[in-house]
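Report on the structure given below.
The values are calculated or read from the model by the stated rules, or taken from the named source; none is laboratory data. The shown structure was predicted, so the numbers you read here are calculated from the model rather than taken from an experiment. Cβ atoms come from the backbone with ideal geometry, glycine included; neighbour counts cover every protein chain shown.
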2 protein chains.
Amino acid sequence: MPASAGNLDEIRQLTEKECRLTPQRGAILQALLEMEDRHPTAEEVYQVARRNWPSLGLATVYRALDMFAGLGVLYRLDAGDGRIRYEINDGPHQHLICLGCGRIFEIREPLELEGLLKSKYSDFEVTYSSIRFFGYCQDCRLKKQR
Amino acid sequence: MPASAGNLDEIRQLTEKECRLTPQRGAILQALLEMEDRHPTAEEVYQVARRNWPSLGLATVYRALDMFAGLGVLYRLDAGDGRIRYEINDGPHQHLICLGCGRIFEIREPLELEGLLKSKYSDFEVTYSSIRFFGYCQDCRLKKQR
DNA sequence: ATCAGTGCAAAAGTTTTGCACCTAT
DNA sequence: ATAGGTGCAAAACTTTTGCACTGAT
């Protein structure tokens with residue numbers, strides 16, 4: 001799903017309710033939209049966002065990413081490699097993380113897990129869930145066989 | 001489920017097949033068993049294991065935890081707080097992670113997710129999966145209401 | 001004799017924080 | 001004037017690595 005201008009506007013509106021959308025934050029959002037399917041790290045967001053705002057500081061990126069995650073605009077994703085990755089929150093989905101090449105694949109399988117949980121563990125209020133499958137993608141499986 | 005001697009022996013046997021069970025590694029395993037339900041970080045394992053082997057070094061703990069995870073004796077758990085946590089691998093289960101107090105609750109809900117995946121995404125070979133639910137436990141929900 | 005394993009210290013890497021400055025309101 | 005936001009540098013933290021040493025086989 002590619003980024004759309006409408007998408008960005010929605011996020012702008014959402015963001016402006018709570019805090020200022022400075023040019024720095026705009027550049028960071030745009031970078032995230034450009035890299036929507038790439039699950040970038042903070043450093044990667046920083047590199048891309050600097051193309052539009054060269055004086056940007058890395059600390060500003062971290063602060064903005066924290067803020068966006070707090071607003072629910074972003075999700076944090078941990079692929080197990082020691083760095084936090086970020087993705088635009090465009091609905092629930094799951095990740096396939098390849099232990100060979102590190103690539104992250106997205107799948108969207110409707111799962112009624114939270115409903116199941118709510119009925120069984122009603123004293124825990126689920127805000128969001130994370131489902132990750134670790135393993136080997138087709139490319140890496142072929143490489144292993146050789 | 002409390003630690004049992006049988007449990008430790010099983011792990012010892014499993015471990016000795018592949019590498020030496022040194023006193024350092026024994027102390028680390030025992031610490032993990034003592035903290036079985038606490039999902040300790042490497043630093044926490046280090047502190048507890050040092051009670052039984054005071055000269056233990058932190059690097060040794062990291063190396064042993066890596067090895068045990070590689071052998072499948074341990075699972076790594078990321079609770080989203082920037083530190084890797086470890087737990088004895090005693091079968092598939094899921095985690096409820098409280099965003100208020102940081103406590104981690106375990107649930108064991110049989111889910112046939114991997115079978116579902118295998119049928120739908122047959123070109124990705126799943127080694128293991130991680131399902132985490134983030135939210136607020138009952139204690140923290142009550143605190144929020146006040 | 002060899003080789004895996006260890007402890008210490010240093011290094012590496014990511015993320016956070018302190019602080020002075022800036023900029024909208 | 002004030003409060004929020006920024007950039008830079010330093011700090012904090014977790015994890016990894018280099019190296020000399022040890023101890024078992």
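Looking at A:Arg76, A:Arg103, A:Arg108, A:Arg83, can you tell me which residue is in contact with a helix residue (DSSP H, G or I) (Cβ under 9 Å, 6 or more places away or on another chain) and away from DNA strand D (no atom under 16 Å from the Cβ)?
Details: A:Arg76 fails: away from DNA strand D (no atom under 16 Å from the Cβ); A:Arg108 fails: in contact with a helix residue (DSSP H, G or I) (Cβ under 9 Å, 6 or more places away or on another chain); A:Arg83 fails: away from DNA strand D (no atom under 16 Å from the Cβ).
Exactly one residue qualifies, and that residue is A:Arg103.
Regarding B:Gly100, is this residue more than 18 Å from the chain's Cα centre (by Cα), surrounded by fewer than 16 Cβ atoms within 10 Å (Cβ to Cβ), more than 15 Å from DNA strand C (Cβ to nearest atom) and touching a residue at least 40 places away in the same chain (Cβ under 8 Å)?
On the way: more than 18 Å from the chain's Cα centre (by Cα): yes; surrounded by fewer than 16 Cβ atoms within 10 Å (Cβ to Cβ): yes; more than 15 Å from DNA strand C (Cβ to nearest atom): yes; touching a residue at least 40 places away in the same chain (Cβ under 8 Å): yes.
In short, yes.
Can you pull out every residue in the stretch B:25-35 that is touching a residue at least 24 places away in the same chain (Cβ under 8 Å) and either within 15 Å of B:Glu87 (Cβ to Cβ) or assigned to a loop (DSSP other than H, G, I, E, B) (or both)?
Once the filter is applied, which keeps residues that are touching a residue at least 24 places away in the same chain (Cβ under 8 Å) and either within 15 Å of B:Glu87 (Cβ to Cβ) or assigned to a loop (DSSP other than H, G, I, E, B) (or both), the stretch B:25-35 yields B:Ile28, B:Leu29, B:Leu32, B:Leu33, B:Glu34.
Would you check which residues across the stretch A:41-61 are within 11 Å of DNA strand D (Cβ to nearest atom), small (Gly, Ala, Ser) and not in a loop (DSSP other than H, G, I, E, B) and list them?
A:Ala49, A:Ala59
Please specify each residue of the stretch B:73-86 satisfying the condition of being on the phi > 0 side of the Ramachandran plot and in contact (Cβ under 8 Å) with a residue 40 or more places away in the chain. Please lay out each step first, then the result.
Narrowing the stretch B:73-86 to residues on the phi > 0 side of the Ramachandran plot: B:80, B:82.
Once the filter is applied, which keeps residues that are on the phi > 0 side of the Ramachandran plot and in contact (Cβ under 8 Å) with a residue 40 or more places away in the chain, the stretch B:73-86 yields only B:Gly80.
Going by what's in this entry, would A:Leu77 be described as of a type in the set (A, V, I, L, M), outside any strand (DSSP E or B), touching a strand residue (DSSP E or B) at 6+ places or on another chain (Cβ under 8 Å) and over 21 Å from A:Arg12 (Cα atoms)?
Working: of a type in the set (A, V, I, L, M): yes; outside any strand (DSSP E or B): no; touching a strand residue (DSSP E or B) at 6+ places or on another chain (Cβ under 8 Å): yes; over 21 Å from A:Arg12 (Cα atoms): yes.
Taking the combined requirement at face value, the residue does not satisfy it.
Of the residues in the stretch A:67-97, how many are facing chain B (nearest Cβ under 8 Å) and closer than 18 Å to B:Asp123 by Cα?
The total comes to 1.
Take A:Phe133 and tell me if it is in contact with a Gly (Cβ under 8 Å, 6 or more places away or on another chain) and of a type outside the set (Val, Ile, Thr).
Numbers: in contact with a Gly (Cβ under 8 Å, 6 or more places away or on another chain): no; of a type outside the set (Val, Ile, Thr): yes.
Considered against the rule, which asks whether it is in contact with a Gly (Cβ under 8 Å, 6 or more places away or on another chain) and of a type outside the set (Val, Ile, Thr), A:Phe133 comes out as no.
Got a number for residues in the stretch A:117-146 being of a type in the set (A, V, I, L, M), more than 16 Å from the chain's Cα centre (by Cα) and facing another protein chain (nearest Cβ under 7 Å)? Quick ask: steps written out before the conclusion?
Residues of the stretch A:117-146 of a type in the set (A, V, I, L, M): A:117, A:126, A:131, A:142.
Add one more test, that the residue is more than 16 Å from the chain's Cα centre (by Cα), and what stays is A:117, A:126, A:142.
Of the ones still in play, those that are also facing another protein chain (nearest Cβ under 7 Å) are A:117, A:126.
Selection size over the stretch A:117-146: 2.
Give the residues of the stretch A:103-116 that are under 19 Å from the mean Cα position of the chain (by Cα) and at the interface with chain B (Cβ under 10 Å from one of its Cβ atoms), sorted by residue number.
Answer for the stretch A:103-116, where residues must be under 19 Å from the mean Cα position of the chain (by Cα) and at the interface with chain B (Cβ under 10 Å from one of its Cβ atoms): A:Phe105, A:Ile107, A:Glu109.
Quick one: how many residues across the stretch B:126-139 are in contact with a strand residue (DSSP E or B) (Cβ under 6 Å, 6 or more places away or on another chain) and more than 14 Å from A:Leu117 (Cα to Cα)? Step through it out loud before you land on a result.
The first filter runs over the stretch B:126-139 and keeps only residues in contact with a strand residue (DSSP E or B) (Cβ under 6 Å, 6 or more places away or on another chain), leaving B:126-137.
Filter once more, so that each one left must be more than 14 Å from A:Leu117 (Cα to Cα): B:126-130.
Count: 5.
Hey, A:His95 hits all of (1) over 25 Å from A:Tyr46 (Cα atoms); (2) surrounded by 15 or more Cβ atoms within 10 Å (Cβ to Cβ); (3) modelled with pLDDT of 90 or more but one; which does it fall short on?
So the condition that A:His95 fails would be (1).
Scan the stretch A:109-125 for residues that are closer than 16 Å to B:Glu112 by Cα and in a loop (DSSP other than H, G, I, E, B) and report the count.
4
Quick test of your reading of the structure: A:Ala64 fulfils all but one of (1) aliphatic (A, V, I, L, M); (2) more than 10 Å from chain B (Cβ to nearest Cβ); (3) in a loop (DSSP other than H, G, I, E, B). Name the failing condition by number.
Failed condition: (3).
With the structure loaded, tell me whether A:Arg38 is part of a strand (DSSP E or B), more than 11 Å from DNA strand D (Cβ to nearest atom) and of a type outside the set (S, T, N, Q) or whether it fails that test. Explain how you work it out, then say what you get.
Numbers: part of a strand (DSSP E or B): no; more than 11 Å from DNA strand D (Cβ to nearest atom): yes; of a type outside the set (S, T, N, Q): yes.
No; evaluated as a whole, the condition is false for this residue.
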